[in-house]
Amino acid sequence: MNVLRLIICLSIAFGFSSVASAQKGLVKDADLEFRNEAYYRAADLYKKAFPKTPKPADKARIIYKIAECYRLMTNAKQAQVWYTKAIKSKYDDPLVHFYLGQVLKEQGKYPEAIKAYKEYNAKSPGNKRGEDAVKACELAQKWKDKPTRHEVNPEVLLNSRQYDFSPAFSDKRNKTLIFTSSRQGAMGARVDERTGENFQDLFTSTRDKKGKWSEPTLLQGEFIGSEHHEGFAAFNKKRSVMYFTRCRNVKNQNLGCNIWYASRVGQGFGKAVKMELKPEGDGADTMSVGHPAISPDDNFLIFASDMPGGYGGKDLWMTRFNKKTKAWSKPENLGAGINTSQNEMFPFVHQDGNLYFSSDGHVGMGGLDMFKAPKTGEMQWGEVENLQSPLNSEADDYGITFDGVEDRGYFTSNRDGGKGKDDIWSFRLPPVLFTLQCVVYDKDTRKPVVGARVKVAGTDNSSFEVTTDANGGFNLESNGETRYINPNTTYAIQVDQEDYLVAKDKISTVGKDESTTFIKEFYIQYAAEEVVIRLPEVRYAYNLADLQIIPGEVNSQDSLNVLFQTLVENPTIRVELHSHTDHRGKADYNRKLSQARAQSCVDYLISRGIPIERMSAKGYGEDKPRTGLAPEDIAQMKTKEEQEAAHQKNRRTEFIVTGFDFQPENTWGVAAGFEKKADDFLNAGGKFSDEIKPENDNTTGE
């Protein structure tokens, strides 16, 4: 447990003053200061003792103790330097490797920390502590690589170059924050030899309408003015009573810490009264209770303490308020689900009953991490959840409070990016926003289509319609107010324009937890009457009208399904299907063959449920070869393979739109069931057009 956690938590027994020991020897003096948790002073004495110590083993121990001082003062960088020196000096306690891993972890150097932990495991086999530490590093790296959507920022106007921590709102409108600080202006004038900082006091700041915090000032009250550590404020439902922690500073005495409360008087607070929470008996004075967190209904108070009956370190305890007797009950430990063998501190009970706290015992990312235990019943909480990055970091993160809802608030951290040693940071969970941007192009010219209608309809019954701008696009902006696509909704998008075929698509926000801009490009087909529209390849075998299906190569029915979908999406159009042959064979025969091919396509679409009234079939025989594939062009091709491929391209089916005046009815084809009917038709051996048989052996087509 480092000194910052001991001091700023105000949850340890307040050590007696660092007075030079009467015992001779700098090492003994340093050891005494270390035992009294005066790490700042102890490190200085160890450094002075080092050059006067002759034995290598003693020198190695001094180096290790210096590293310990820096670790407990939360100076991980210096602690890393001295632990490394201790290892080189052959300090033989395996813990040197474990603590090296700890300070590396607190700097976010997870691969190096894992290496140190594994060295500890090798020197202390079977110790689950090291194995758990390796797993924690691996998990921390995962959280760091994929953080939650929270945004965190230091509150520059609240922070100083000293310690600023544990904010709490003192009014119902959440406009005034009270927090703990060791900045200049605190009443405790003496310097704490454990940290070299001033003693902590409570400061206050008010937020204006623009969200700007005022210059923090010392909180007013009768309890202010003593040379004690005071901090960690919490307030009752009416904000009329403040609970706080006080650690008394009396020379050569260890009086621990206690929770006090004071009622509001004017702009400040009146006389403070101590809560009697410690058990009676020897040693009670040296125990600490602190970090009060009052429930939203004022029925119970949770706090941190090292009193007997816990699981190790500091535990979270609870006391209930009896409204009849106006007294608090005997404290109860929150149990093994919350507490560990290490330290659980800084509790906060949200309005919804969820419990938040900090711990270095649960699996975390570095030093203290913040955790959530969801409410499961009256004064009962479920499985503990790490708040993950970026709310947690490799540094110490603690003292969370909420600005009303759970998606914004404040906490404390000594991570990089702050102003002082520990700083107040704000956090917010930005809303997940979805937007849709579309651009509509002409399929043939690739130019933007201006004034195209875009209709969007969601499964949540929302719908709207926009038209494309001069660039053929839109981004759902109307009157300067951006319209966002709703979460957990699937949207159908339809684009149409006069003399164009409809284009459709869809997007879905179901299951998406990150803001997303959906970008869609639509290529719509110009389909004025008599404009020929090519289909994907519809193949026919030589001299046959059946739709060709070659496994692994081509399925002409799949190609016709494009036209089927076009007819479904454009329910008012009528079409004429044109089929063609290559130039081989007699012209009259080829016209009959092409007519049969066109009818074969119509028959297939009828089987899919398209009304026959919407379609007609026409065969052109060999009269309209594709550009560049006239008989004379094919004759010049060098190989038979090239010629055959050219013939295949001429054996094709196309369509034109002949009108936009069809009145759709609720037929089985375009309603539910057309897929099944088509399958039934084919499975029963249905065949579209009979094969064209030559009249005799000397008369063939193509």
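The values are calculated or read from the model by the stated rules, or taken from the named source; none is laboratory data. Everything numeric in this text was worked out from a predicted model, so none of it was measured. Neighbour counts are summed over all protein chains in view; Cβ atoms, including those assigned to glycine, are modelled from backbone coordinates with ideal geometry.
Which of (1) closer than 21 Å to Thr74 by Cβ; (2) surrounded by fewer than 15 Cβ atoms within 10 Å (Cβ to Cβ) is the odd one out, the single condition Gln102 does not satisfy?
Condition (2) is where Gln102 drops out.
How many of the residues in the range 87-123 are small (Gly, Ala, Ser), assigned to a helix (DSSP H, G or I) and within 24 Å of Asn414 (Cβ to Cβ)? Even if it seems obvious, please write down each step before you answer.
So in the range 87-123, the residues small (Gly, Ala, Ser) come out as 89, 101, 108, 113, 116, 122.
Going one step further and asking which of them are assigned to a helix (DSSP H, G or I), we end up with 101, 113, 116, 122.
Applying the additional criterion that residues be within 24 Å of Asn414 (Cβ to Cβ) yields 101, 113, 116.
Number satisfying all stated conditions: 3.
Out of Asp315, Asp352, Asp360, report the one residue that is under 30 Å from Lys238 (Cβ atoms), under 24 Å from the mean Cα position of the chain (by Cα) and of a type in the set (Asp, Glu). Before the answer, list the steps.
Values: Asp315 fails: under 24 Å from the mean Cα position of the chain (by Cα); Asp360 fails: under 30 Å from Lys238 (Cβ atoms).
When all the criteria are applied, what remains is Asp352.
Of the residues Asp623, Asp588, Asp603, which is surrounded by 14 or more Cβ atoms within 10 Å (Cβ to Cβ), acidic (Asp, Glu) and farther than 14 Å from Leu535 by Cβ?
Numbers: Asp623 fails: surrounded by 14 or more Cβ atoms within 10 Å (Cβ to Cβ); Asp588 fails: surrounded by 14 or more Cβ atoms within 10 Å (Cβ to Cβ).
Exactly one of Asp623, Asp588, Asp603 is surrounded by 14 or more Cβ atoms within 10 Å (Cβ to Cβ), acidic (Asp, Glu) and farther than 14 Å from Leu535 by Cβ, namely Asp603.
Pick out the one residue from Val450, Val440, Val495 that is without any contact (Cβ under 8 Å) to a residue 60 or more places away in the chain and either in a strand (DSSP E or B) or surrounded by 15 or more Cβ atoms within 10 Å (Cβ to Cβ) (or both). Spell out the reasoning first.
Working: Val450 fails: either in a strand (DSSP E or B) or surrounded by 15 or more Cβ atoms within 10 Å (Cβ to Cβ) (or both); Val440 fails: without any contact (Cβ under 8 Å) to a residue 60 or more places away in the chain.
Sole residue among the options that is without any contact (Cβ under 8 Å) to a residue 60 or more places away in the chain and either in a strand (DSSP E or B) or surrounded by 15 or more Cβ atoms within 10 Å (Cβ to Cβ) (or both): Val495.
Quick test of your reading of the structure: Ser341 fulfils all but one of (1) within 20 Å of Arg129 (Cβ to Cβ); (2) under 22 Å from the mean Cα position of the chain (by Cα). Name the failing condition by number.
Ser341 satisfies all of (1) within 20 Å of Arg129 (Cβ to Cβ); (2) under 22 Å from the mean Cα position of the chain (by Cα) except (2).
Which ranges mark the strands (runs of 3 or more DSSP E) fully within the range 374-417 that have 3 or more residues being farther than 16 Å from Phe232 by Cα?
Working: elements: 375-377, 397-402, 408-413.
In the range 374-417, 375-377 are the strands (runs of 3 or more DSSP E) which contain 3 or more residues that are farther than 16 Å from Phe232 by Cα.
Counting only residues that are part of a helix (DSSP H, G or I) and not hydroxyl-bearing (Ser, Thr, Tyr), how many does the range 567-606 have? Outline the logic, then answer.
Taking the range 567-606 first, the residues part of a helix (DSSP H, G or I) are 567-569, 587-606.
Those left that are additionally not hydroxyl-bearing (Ser, Thr, Tyr): 567-569, 587-588, 590-593, 595-599, 601-603, 605-606.
Count: 19.
Please go through the range 295-346 and give me each residue that is small (Gly, Ala, Ser), assigned to a loop (DSSP other than H, G, I, E, B) and surrounded by 20 or more Cβ atoms within 10 Å (Cβ to Cβ), ordered by number.
Start the filter on the range 295-346 by keeping residues that are small (Gly, Ala, Ser), which leaves 295, 304-305, 309-310, 312-313, 327, 329, 335-337, 341.
Now drop any that are not assigned to a loop (DSSP other than H, G, I, E, B), which leaves 295, 309-310, 312-313, 329, 335-337, 341.
Ser295, Gly313 - these are the residues of the range 295-346 that are small (Gly, Ala, Ser), assigned to a loop (DSSP other than H, G, I, E, B) and surrounded by 20 or more Cβ atoms within 10 Å (Cβ to Cβ).
For the structure I just gave you, tell me whether Lys693 is over 21 Å from Arg534 (Cα atoms), exposed (fewer than 14 other Cβ atoms within 10 Å of the Cβ), at pLDDT below 50 and not assigned by TED's automatic domain parsing to the domain that holds Val538. Can you show your working first?
Values: over 21 Å from Arg534 (Cα atoms): yes; exposed (fewer than 14 other Cβ atoms within 10 Å of the Cβ): yes; at pLDDT below 50: yes; not assigned by TED's automatic domain parsing to the domain that holds Val538: yes.
Yes, satisfied.
From the list Val538, Val575, Val532, pick out the single residue that is closer than 30 Å to Pro611 by Cβ, surrounded by 17 or more Cβ atoms within 10 Å (Cβ to Cβ), touching a Phe, Trp or Tyr at 6+ places or on another chain (Cβ under 9 Å) and of a type in the set (Val, Ile, Thr).
Working: Val538 fails: touching a Phe, Trp or Tyr at 6+ places or on another chain (Cβ under 9 Å); Val532 fails: surrounded by 17 or more Cβ atoms within 10 Å (Cβ to Cβ).
Unique residue meeting the criteria: Val575.
Within the set of pairs 6+ apart or on separate chains, which have a first residue in the range 302-319 that is farther than 14 Å from Ile338 by Cα, a second that is basic (Lys, Arg) and crowded, with 20+ Cβ neighbours inside 10 Å, and C-beta atoms under 7 Å apart?
Asp306/Lys314; Met307/Lys278
Name the single residue, out of those in the range 418-437 being within 20 Å of the chain's Cα centre (by Cα) and in a loop (DSSP other than H, G, I, E, B), that is modelled with the highest pLDDT. Talk me through it step by step, then tell me what you get.
So in the range 418-437, the residues within 20 Å of the chain's Cα centre (by Cα) come out as 425-435.
Narrowing further to those that are in a loop (DSSP other than H, G, I, E, B): 429-433.
Numbers: Leu429: 93, Pro430: 90, Pro431: 87, Val432: 87, Leu433: 86.
Selected residue: Leu429.
Looking only at the range 552-566, filter to residues that are assigned to a helix (DSSP H, G or I) and either polar (S, T, N, Q) or outside the structural domain of Ile610 (by TED's automatic domain parsing) (or both); which one of those is surrounded by the fewest Cβ atoms within 10 Å (Cβ to Cβ)?
Only one residue tops the list, namely Gln565.
Go through the range 141-151 residue by residue and tally those that are touching a Ser or Thr at 6+ places or on another chain (Cβ under 6 Å) and under 17 Å from Pro430 (Cβ atoms). Walk me through how you get there before you give the answer.
The first filter runs over the range 141-151 and keeps only residues touching a Ser or Thr at 6+ places or on another chain (Cβ under 6 Å), leaving 143-144, 147.
Remaining after also requiring under 17 Å from Pro430 (Cβ atoms): 147.
So the answer is 1.
Scan the range 504-538 for residues that are in contact (Cβ under 8 Å) with a residue 60 or more places away in the chain and not in a loop (DSSP other than H, G, I, E, B) and report the count.
Taking the range 504-538 first, the residues in contact (Cβ under 8 Å) with a residue 60 or more places away in the chain are 504, 507, 509, 512-535, 537-538.
Then drop every residue that is not not in a loop (DSSP other than H, G, I, E, B), which leaves 504, 507, 516-524, 526, 532-534.
The qualifying residues number 15.
Filter the range 34-75 for residues that are in contact (Cβ under 8 Å) with a residue 40 or more places away in the chain and part of a helix (DSSP H, G or I); which is farthest from Tyr99 (Cα to Cα)?
Step one: of the range 34-75, the residues in contact (Cβ under 8 Å) with a residue 40 or more places away in the chain are 37-41, 71-74.
Restricting the remaining residues to those that are part of a helix (DSSP H, G or I) gives 39-41, 71-72.
Numbers: Tyr39: 16, Tyr40: 19, Arg41: 21, Arg71: 8, Leu72: 11 Å.
This residue is Arg41.
Determine which member of the set Ser426, Ser389 is in contact with a Ser or Thr (Cβ under 8 Å, 6 or more places away or on another chain) and either surrounded by 14 or more Cβ atoms within 10 Å (Cβ to Cβ) or within 21 Å of Ala168 (Cβ to Cβ) (or both).
Working: Ser426 fails: in contact with a Ser or Thr (Cβ under 8 Å, 6 or more places away or on another chain).
Just a single option satisfies the conditions, and that option is Ser389.
Kindly indicate which of Leu32, Leu72, Leu26 is surrounded by 21 or more Cβ atoms within 10 Å (Cβ to Cβ), at pLDDT below 95, of a type in the set (A, V, I, L, M, F, W, C) and in contact with a helix residue (DSSP H, G or I) (Cβ under 9 Å, 6 or more places away or on another chain).
Working: Leu32 fails: surrounded by 21 or more Cβ atoms within 10 Å (Cβ to Cβ); Leu26 fails: surrounded by 21 or more Cβ atoms within 10 Å (Cβ to Cβ).
After applying the criteria, what remains is Leu72.
Would you check which residues across the range 152-184 are charged (D, E, K, R), farther than 15 Å from Phe427 by Cβ and in a loop (DSSP other than H, G, I, E, B) and list them? Can you show your working first?
We begin by selecting, within the range 152-184, every residue charged (D, E, K, R); these are 155, 161, 164, 171-173, 175, 183.
With farther than 15 Å from Phe427 by Cβ added as a condition, the list becomes 161, 164, 171-173, 175, 183.
Across the range 152-184, the qualifying residues are Arg161, Asp171, Lys172, Arg173, Lys175, Arg183.
Among the candidates Gly108, Gly126, which residue alone is at positive phi, touching a Gly at 6+ places or on another chain (Cβ under 9 Å) and outside the structural domain of Ser413 (by TED's automatic domain parsing)? Walk me through it before giving the result.
On the way: Gly126 fails: touching a Gly at 6+ places or on another chain (Cβ under 9 Å).
Being at positive phi, touching a Gly at 6+ places or on another chain (Cβ under 9 Å) and outside the structural domain of Ser413 (by TED's automatic domain parsing) holds for just one of Gly108, Gly126, which is Gly108.
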